[in-house]
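J.: Before we start, here is the structure in question, set down as structure tokens.
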Amino acid sequence: MRVLVANTPNRDFATQFPPIGALSVLNYVRKNSDAEVSFYNIDALRPSREEVIAHIKAFRPDVLGISAIVSTAYGYTRQLAGDVRRELPETLIVCGGNLASAANLLLNRAHIDLCVPGEGEMVFHNIVERARTTRRPPDFKDIQGIVLLDADGELFHTGIPEQLDPSLVWDYDWEDLEKTGTIWNYITPIAKDGEIIFPYRKDPRSHEPHRQGKNHAVLNCVKGCVARCTFCHRSQKGIRHIPVDIVMQRLDRMMEKYNVGFVYMGAEAFGADKRWLDEFLDQIALRDVLWGAGGVRANALTPEWIQRMKAAGCVNLSYGNESGSARMLQIIEKKVSIEQNYAAMKAAIEAGFPTGMQFVVGMPGENEETIRETIDYIKYGTTLTPNLNPDSFAIGYAQALPGTPLYEYARRNGYLGDGMDGEEKYLLSIANKDACDPEAAINYTDTPRLRWLAWRPLMSIEVNYHYYKTFGKEHYFKAMGRDIKMLGGIHSGVGSIAEDVIGPYIPLLIQGKPLPFRLIVPILRSRKPGLAHTFYPALFYRLRHFVTLMEFARTIKNEGMGKALTLGWDYVAHRTRSALGLRKFRHGYVSLRKIVEEMGPSPDDPEAMRPLRSGR
Ligand code: B12
């Protein structure tokens with residue numbers, strides 16, 4: 001029995017977050033059967049379409065498992081499954097990962113035989129065992145955790161199986177990455193071009209002699225989350241903390257075998273369980289590694305816990321701030337108050353962490369006032385200390401993904417077109433699209449698209465100028481010059497023009513001097529014209545009332561007069577509608593999940609889709 005698991009390439013370059021979902025499923029089958037298993041790291045290797053098919057044909061899998069952990073991988077998954085269906089008709093094609101929540105499309109339109117929307121280890125093992133005798137999807141109906149088309153072609157959900165005990169979660173073998181020659185994409189030197197990477201370089205401990213030459217890696221320790229934000233998708237219920245002794249065994253092996261001395265906690269709700277955190281901090285402190293924690297909830301850690309984390313080697317933490325508006329935090333069902341959002345930033349910055357901020361704008365209900373509240377919050381968070389970069393915040397537009405209330409809101413309000421055709425067209429339109437790319441995003445607000453597009457540059461203009469006014473011109477440009485390379489990492493935009501446009505002038509910035517004004521034209525002509533307001537904060541602040549007009553001009557330049565006029569008409573139509581009091585968003589500021597639930601079950605949905613639509 002030959003089993004191949006492959007992942008999908010997301011974004012322009014491979015992530016450094018190891019494909020732990022795929023590897024855990026693979027390792028579970030290896031440990032519980034005599035099947036010959038192999039991993040194909042398409043995300044890291046970035047092979048061409050022809051090379052992918054040649055690789056899979058050479059392996060001749062009986063079962064191919066596609067690990068599609070983001071729903072923006074629909075396009076790639078459909079293409080891959082189509083190629084395999086054509087070349088290897090005997091192979092059973094299974095799709096796992098978060099995309100599997102779009103089972104109606106995958107099974108009816110994308111050549112997938114079986115979808116595994118939840119935790120895959122046990123389910124995939126059962127599938128592999130059953131595939132020894134049959135490849136007909138209806139013959140898998142008694143195996144829990146699968147969505148398939150039954151003998152009548154009807155969608156059938158076989159039920160949600162038990163989840164793994166926390167001690168068995170993410171039991172993967174790094175050697176599977178060694179075998180694919182991709183391990184050094186995930187175990188990386190702590191220094192790049194002679195500079196220790198962000199955020200570790202901000203902590204003096206990272207420069208201690210005994211840490212030089214050590215490697216960095218992701219350490220996974222907490223699966224799931226305590227919250228259910230309405231734009232966020234996860235198909236598994238609740239939160240599980242991997243027992244600390246197991247986490248430490250895994251860390252010890254990484255330190256011993258791969259010379260790891262720096263780790264980033266791969267968690268979506270780090271610090272939610274204080275008894276676990278207490279033991280974790282004691283144990284990790286003994287290992288003298290430096291580490292960062294992502295996915296911390298703003299109401300999870302007191303300043304005392306943050307100080308303890310710092311003492312145990314933590315150099316940074318990051319929150320899902322999402323919004324500076326209490327009303328939008330309701331819509332998002334963040335279960336965090338605006339006061340907690342403010343206090344969280346204060347606690348992290350006062351601990352000396354270079355904590356940046358992350359936001360989602362454009363959820364239903366967002367308007368000029370809520371954007372203003374978020375601008376004020378970012379101004380607060382980025383000027384708590386002069387040591388941060390004015391640009392240390394990221395803004396993504398709300399992106400509807402299957403299995404989230406936002407997706408159901410979009411679907412039920414006609415934003416995704418009709419039926420499966422509409423859904424497929426939408427998923428193909430966001431194929432490999434980032435939330436920070438508004439072009440692929442849908443405007444769910446009552447604000448005209450031109451103004452909605454202008455919100456993000458307006459936020460940067462206001463926040464940059466506030467920093468500039470707070471700490472002064474010289475400090476502003478020094479911070480820009482100091483972090484230009486670091487910014488390359490965070491805001492790939494700056495990195496891209498750093499070399500060819502402003503490169504020679506970085507020394508000027510480092511002296512606290514502005515860029516020559518003549519550079520504004522090449523920057524505006526570059527791939528990231530929006531960076532002009534980063535380097536000319538005072539000028540763009542004075543021009544802030546024309547930011548919508550600038551979006552109009554940018555649309556003419558990038559997409560032509562036709563598209564710009566369409567947006568112009570949309571602007572007039574929106575303003576007329578709101579002048580007449582005709583609003584799309586006619587709900588109170590309550591959880592979007594509640595708003596969708598009040599719409600009742602969607603009439604045209606097969607029963608089997610219900611658990612997938614509602615997510616966890
Ligand atoms: C690292 C990461 C990234 C990396 C890399 C992703 C990658 N590897 O390709 C980067 C930064 C590129 C990224 C990008 C995005 N990400 Co991201 N990312 C993550 C993060 C933090 C870890 C990913 C991971 O590997 N998790 C481990 C998971 C997959 O393991 P697991 O749950 O145990 O896996 C189980 C099941 O999924 C299943 N399974 C998995 N594979 C397989 C295979 C088979 C055959 C079977 C049977 C089962 C199976 O069994 C596994 C074991 O139990 C997750 C959050 C999280 N902690 O999961 C978000 C997450 C995956 N990302 C998310 C999103 C939304 C995005 C973006 C779309 C956001 C955006 N629009 O900009 C972009 C992609 C944009 C694009 N261009 O396509 C969402 C996905 C939701 C969804 N339905 O799509 C997540 C879940 C965060 C969230 N909660 O919202 N991301």
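J.: Counting heavy atoms of the protein chains only and a 1.4 Å probe, report the per residue accessible area for the chain as a whole number of Å².
T.: 41 Å²
J.: Using amide H atoms built in the peptide plane, which far-off residues or other-chain residues are under 5 Å from Cys314 H to H?
T.: Trp291
J.: Principal axes first, then extents: for the Cα atoms of segment 44-202, list largest minus smallest coordinate on each axis, whole Å, largest first.
T.: That gives 62, 39, 27 Å along the principal axes, largest extent first.
J.: Quick one: grab Rg to one decimal and Dmax as a whole number for segment 538-584, Cα atoms only, in Å.
T.: 13.2, 37
J.: Right, something else. Return, in residue-number order, each cysteine of the chain whose C-beta is not under 4.7 Å from any other cysteine's C-beta.
T.: Unpaired cysteines in the chain: Cys95, Cys115, Cys221, Cys225, Cys314, Cys436.
J.: Please count, across segment 331-478, the pairs of lysine residues with Cα atoms under 18 Å apart that sit 8 or more places apart or on different chains.
T.: Here the count comes out as 5.
J.: Taking the Cβ of Lys563 as the center, what net charge do the other residues with Cβ under 14 Å away carry, scoring Lys and Arg +1 and Asp and Glu -1?
T.: -1
J.: Just round it to a whole percent: the fraction of Cα-Cα distances in segment 187-446 exceeding 30 Å.
T.: 34 percent
J.: Scan around Gly294 for amide H atoms under 5 Å from its own, H built in the peptide plane at 1.01 Å from N, and keep only partners 5 or more places away or cross-chain.
T.: Residues meeting the amide H criterion: Met265, Ala267, Ser318.
J.: Could I ask something else about it? Apply the Debye scattering formula to segment 311-370, with a single equal point scatterer on each alpha-carbon and no solvent, then give log10 I(q)/I(0) at q = 0.16, 0.18, 0.26, 0.30 Å⁻¹.
T.: Reported log10 I(q)/I(0), two decimals: -0.54, -0.65, -1.06, -1.26.
J.: If the reach is capped at under 16 angstrom between alpha carbons, list the aspartates and glutamates near Lys557, excluding any in the same chain fewer than eight residues apart.
T.: Cα-Cα hits under 16 Å: Glu439.
J.: Same structure again: So what J values fall out for segment 605-615 if you push phi through Karplus, 6.51 cos²θ - 1.76 cosθ + 1.60 with θ = phi - 60°, rounded to Hz, Gly and Pro as x?
T.: 8, x, 3, 4, 7, 4, x, 6, 5, 7, x
J.: If you average the alpha carbon positions of segment 499-563 and of segment 247-301, how far apart do those two centres end up, in angstrom?
T.: Each part's Cα centre sits 40 Å from the other's.
J.: Can you give me the % of accessible surface on the chain that is carbon or sulfur? Probe 1.4 Å, all protein chains present, nothing else counted.
T.: 54 percent
J.: Then there is this: Please turn the phi angles of segment 444-459 into ³J(HN,Hα) values with the Karplus equation 6.51 cos²θ - 1.76 cosθ + 1.60 (θ = phi - 60°), one per residue in order, whole Hz, x for glycine and proline.
T.: 8, 9, 8, 9, x, 4, 4, 5, 4, 5, 6, 4, 5, x, 4, 4
J.: Please list the non-local residues whose amide H lies under 5 Å from the amide H of Val218, H modeled 1.01 Å from N, same-chain partners needing a gap of 5 or more.
T.: So Val218 has HN proximity to Tyr264.
J.: Please compute, for the alpha-carbon atoms of segment 448-582, the extent along each of the three principal axes and give them in descending order in Å.
T.: Computed over segment 448-582, the largest-to-smallest principal extents equal 53, 31, 26 Å.
J.: Looking at the calculated P(r) for segment 200-336, what percent of the C-alpha pair distances fall above 25 Å?
T.: Considering segment 200-336, 29 percent of its Cα-Cα pairs are separated by more than 25 Å.
J.: By DSSP, what percent of the beta bridges with both residues in segment 187-446 are antiparallel, rounded to the nearest 5?
T.: 25 percent
J.: Further question: Which entries of Lys223/Lys257; Lys57/Lys192; Lys310/Lys594 show an alpha-carbon separation above 27 angstrom in the structure shown?
T.: Check vs 27 Å cut-off fails for Lys57/Lys192; Lys310/Lys594.
J.: For segment 429-442, take each phi angle, set θ = phi - 60°, evaluate the Karplus expression 6.51 cos²θ - 1.76 cosθ + 1.60, and give the result in whole Hz per residue in order, putting x for glycine and proline.
T.: Karplus-based 3J(HN,Hα) across segment 429-442 equals 6, 9, 4, 6, 9, 8, 5, 7, 9, x, 4, 8, 8, 9 Hz.
J.: What Kirkwood hydrodynamic radius do you get for the chain when you take the inverse of the mean 1/r over all pairs of distinct Cα atoms, in Å? The partial results should precede the final answer.
T.: Working: mean 1/r = 0.0388 Å⁻¹.
Result for the chain, one decimal place: 25.8 Å.
J.: Moving on. Can you say what percent of the DSSP beta bridges in the chain, counting only those with both residues inside, are antiparallel? Round to 5.
T.: Values: 11 of 49 bridges.
Antiparallel: roughly 20 percent of the beta bridges in the chain.
J.: Hey, another quick one. In 10 Å bins starting at zero, report the fraction of Cα pairs in segment 498-541 per bin as a rounded %.
T.: Once binned at 10 Å, the Cα pair distances of segment 498-541 give 28, 61, 11.
J.: Take each of the peptides 209-218, 70-79, average the number of other beta-carbon atoms within 10 Å over its residues, and list them starting from the highest.
T.: On the way: 209-218: 15.9, 70-79: 22.2.
Listed from highest to lowest mean packing, they are 70-79, 209-218.
J.: Continuing with this model, one more query. What is the calculated FRET efficiency for Ala58 to Phe17, with r their C-beta to C-beta distance and R₀ = 30 Å, to the nearest 0.05?
T.: FRET efficiency, Ala58 to Phe17: 0.60.
J.: Please work out the Cα center distance from segment 24-73 to segment 423-438, rounded to the nearest Å.
T.: Between the Cα centres of segment 24-73 and segment 423-438 lies a distance of 24 Å.
J.: So what is the orientation-averaged projected area of segment 169-278, using the convex hull of its C-alpha atoms, in nm²?
T.: Details: hull surface 35.7 nm².
With the hull built on Cα positions only, its mean projection is 8.9 nm².
J.: Take every Cα-Cα distance within segment 508-616, group them into 10 Å bins from 0 onward, and report for each bin the whole-number percent of pairs it holds.
T.: Answer for segment 508-616: a P(r) of 10, 23, 20, 23, 17, 6, 1 percent.
J.: Further, regarding this structure: Relative contact order of the chain, please, whole-number percent, based on alpha carbon pairs below 8 angstrom and at least 6 residues apart.
T.: Numbers: 1071 pairs, mean separation 74.9, N = 616.
It rounds to 12 percent for the chain.
The values are calculated or read from the model by the stated rules, or taken from the named source; none is laboratory data. Here the structure is a predicted model, which means the values were calculated and not measured. When we count neighbours, we look across all protein chains shown, and the Cβ atoms used for this are built from the backbone with ideal geometry, even at glycine. What goes into the accessible areas is simple: the full protein's heavy atoms, side chains included, and nothing from ligands, DNA or RNA. Shrake-Rupley method; radii C 1.70, N 1.55, O 1.52, S 1.80 Å.
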